[in-house]
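Structure, as structure tokens:
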């Protein structure tokens, strides 16, 4: 298998799994919290740069390790959470829409009055 195809399949596989996991996180956990969206953006920026800075300081190669995927996942969760907070879409996920109380009113039946007068 060519290297470019292997990389493409790996990226597609990780993207599909990550979107499924993020969607489940959003439905079950993230909608409960109401943080300031700018704090979440700052945390995502820190999660983007911090692993690289720490790896450079300790001269550790993150390529091909589990930490590479973990740092990417943390950044993507925080960034997608910021996007959802910004658009307000995160709170429409789990039935947070208030349902209107619908009263069923009976339909007026005009012929009923005529039939009731004739029977008496």
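At a threshold of 8 angstrom on Cα-Cα distance, excluding pairs fewer than six apart, so keeping six or more, what relative contact order does the chain reach in percent? Could the numbers behind the result be given before it?
Details: 41 pairs, mean separation 38.1, N = 120.
Here the relative contact order equals 32 percent.
What are the extents of the Cα atoms of the range 11-119 along their three principal axes, listed from largest to smallest and rounded to whole Å?
Principal extents (Cα only, largest first): 100, 31, 17 Å.
Run the simple label-point estimate for residue 33 and residue 49 please: 7 Å along Cα→C-beta, distance reported in nm.
Inter-label distance under the simple model: 2.2 nm.
Using a Gaussian network for the chain with springs between C-alpha atoms less than 10 Å apart, which of these wobbles most: 26, 100, 109?
Highest fluctuation among the options: 109.
Place a point 7 Å from the Cα of residue 19 along the Cα-to-Cβ direction; which residues of the range 60-83 have their backbone N under 12 Å from it?
Within reach of a label on residue 19, which here means backbone N under 12 Å from a point 7 Å along Cα→Cβ, the range 60-83 contributes nothing.
Values quoted throughout were computed directly from the atomic coordinates according to the rules given, and no laboratory measurement underlies them. Since the model is a prediction, treat every value here as computed from it, not as a measurement. Ideal geometry is used to build each Cβ from the backbone, glycine not excepted, and the neighbour counts take in all protein chains shown.
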